[in-house]
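Notes for the one structure printed next.
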Amino acid sequence: MSTTEVWAPPNDLGFFRNLVTVMAVVEIAGFVLQLAMRRSSFGAPLVVHFHAVVFMGWVAIVVAQAWLASGGALRLHRTLGGLALVWVLALLVLGPLVTLAAVRAGRTPFFFQPQHFVVANPATLLGAVGLFAAAVVLRRSRDWHMRLQVGSFTMLMGPGLGRILPLPFLKPYAFEVAAGAAVIFPLIGLARDWRLRGRPHPAWFWTIGVLAASLIGARVLAASPAGDAIYAAAAAGAPAAPADGRAFPKPPF
């Protein structure tokens, strides 16, 4: 049996459409929950609002792409894919920018170490962009393309899941728990492949590997002298400069 026959999609498009939709609902639910509990508001700095528009816009693009593909609207799917290539550049700018702004202002969540936060956030974003780039390169191999897109979205699930999970009780590894919990979604895809094809697609292992590498690599880097230097440069001249980057901020209550 050829590789093409093994991965011929038995309603794969419908499955990935539904999986991505569930992921988007979970991601958005985390932010809605915080608003409902009055733990966040619209009174944030302007850069945070720009960040929210760009990242929620990305969620909308990913979901729209899945629905367009499953509905057979491939021409529109490709057109929107061109917009995604531009939009991802905004992710690369606004993601680190809002992280830097939070650290410099001393607004790092109290269950994250500022020094780790300023390293780990860009690390997971780079992982997401890397998997997205691989999906674009392999867009003609639909089996790889769909799974790598799910993998890219997985890397961005931490902020939404972190607003649902009890992170204050999960120190010092709250970041790893929030971002790592998203592995449930590629594992669902892996299990489905195993059931339908007798073996998982290798794209799932790439996703899990990139997620693990970004979390472990960020933790090691943040705890090193290089991490000290990164935090010092990030906080230089800001209110957070005198603070110990490896110490957890005080809770707001």
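The values are calculated or read from the model by the stated rules, or taken from the named source; none is laboratory data. From a predicted model like this one, the values you see are computed outputs, not experimental measurements. Every residue, glycine as well, gets a Cβ built from its backbone with ideal geometry; the counts of neighbours run over all protein chains shown.
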(request) Identify, by number, the condition in (1) among the hydroxyl-bearing types (Ser, Thr, Tyr); (2) surrounded by fewer than 17 Cβ atoms within 10 Å (Cβ to Cβ); (3) touching a Ser or Thr at 6+ places or on another chain (Cβ under 9 Å) that residue 152 doesn't meet. (result) (2)
(request) Go through (1) closer than 23 Å to residue 29 by Cβ; (2) surrounded by fewer than 16 Cβ atoms within 10 Å (Cβ to Cβ); (3) basic (Lys, Arg) one by one and return the number of the condition residue 140 breaks. (result) (1)
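Table: residues versus (1) free of Cβ contacts under 8 Å to residues at least 12 places away in the same chain; (2) farther than 14 Å from residue 54 by Cβ; (3) touching a Leu at 6+ places or on another chain (Cβ under 7 Å).
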| position | (1), (2), (3) |
| --- | --- |
| 69 | no, yes, yes |
| 87 | no, no, no |
| 100 | no, yes, no |
| 109 | no, yes, no |
| 119 | no, yes, yes |
(request) With the checklist (1) under 24 Å from residue 219 (Cα atoms); (2) without any contact (Cβ under 8 Å) to a residue 60 or more places away in the chain in hand, flag the one item residue 77 doesn't pass. (result) (1)
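Take the residues in region 34-93 that are of a type in the set (Phe, Trp, Tyr) and under 24 Å from residue 136 (Cβ atoms); name whichever of them is surrounded by the most Cβ atoms within 10 Å (Cβ to Cβ). Before you say what the answer is, go through the steps one by one.
Start the filter on region 34-93 by keeping residues that are of a type in the set (Phe, Trp, Tyr), which leaves 42, 50, 55, 58, 67, 87.
Applying the additional criterion that residues be under 24 Å from residue 136 (Cβ atoms) yields 55, 58, 67, 87.
On the way: 55: 22, 58: 20, 67: 16, 87: 16.
So the residue we want is 55.
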(message) For a quick check of your reading of the model, give me the residue pairs whose first member lies in region 214-230 and is over 21 Å from residue 181 (Cβ atoms), whose second is surrounded by 14 or more Cβ atoms within 10 Å (Cβ to Cβ) and among the polar types (S, T, N, Q), with beta-carbon atoms closer than 9 Å and at least 6 apart or on different chains.
(response) 223/115; 227/115; 228/115; 230/115
(request) Name the one entry in 213, 178, 234, 218 that is over 14 Å from residue 117 (Cβ atoms) and not in a loop (DSSP other than H, G, I, E, B). (result) 213
(message) Name the single residue that is nearest to residue 99 (Cα to Cα) among those in region 160-175 being part of a loop (DSSP other than H, G, I, E, B) and not aromatic (Phe, Trp, Tyr).
(response) 163
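Here's the yes/no breakdown for (1) in contact with a Leu (Cβ under 9 Å, 6 or more places away or on another chain); (2) closer than 21 Å to residue 186 by Cα; (3) in a helix (DSSP H, G or I); (4) modelled with pLDDT of 90 or more:
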{"residue": "10", "(1), (2), (3), (4)": "yes, yes, no, no"}
{"residue": "31", "(1), (2), (3), (4)": "no, no, yes, yes"}
{"residue": "55", "(1), (2), (3), (4)": "yes, yes, yes, yes"}
{"residue": "60", "(1), (2), (3), (4)": "no, yes, yes, yes"}
(request) Sort out which residues of region 198-233 are closer than 16 Å to residue 99 by Cα and surrounded by fewer than 12 Cβ atoms within 10 Å (Cβ to Cβ), and write them in order of number. (result) 233
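Taking the condition in a helix (DSSP H, G or I), within 28 Å of residue 43 (Cβ to Cβ) and of a type outside the set (S, T, N, Q), does residue 134 pass? Before you say what the answer is, go through the steps one by one.
Details: in a helix (DSSP H, G or I): yes; within 28 Å of residue 43 (Cβ to Cβ): no; of a type outside the set (S, T, N, Q): yes.
No: the conditions fail for residue 134.
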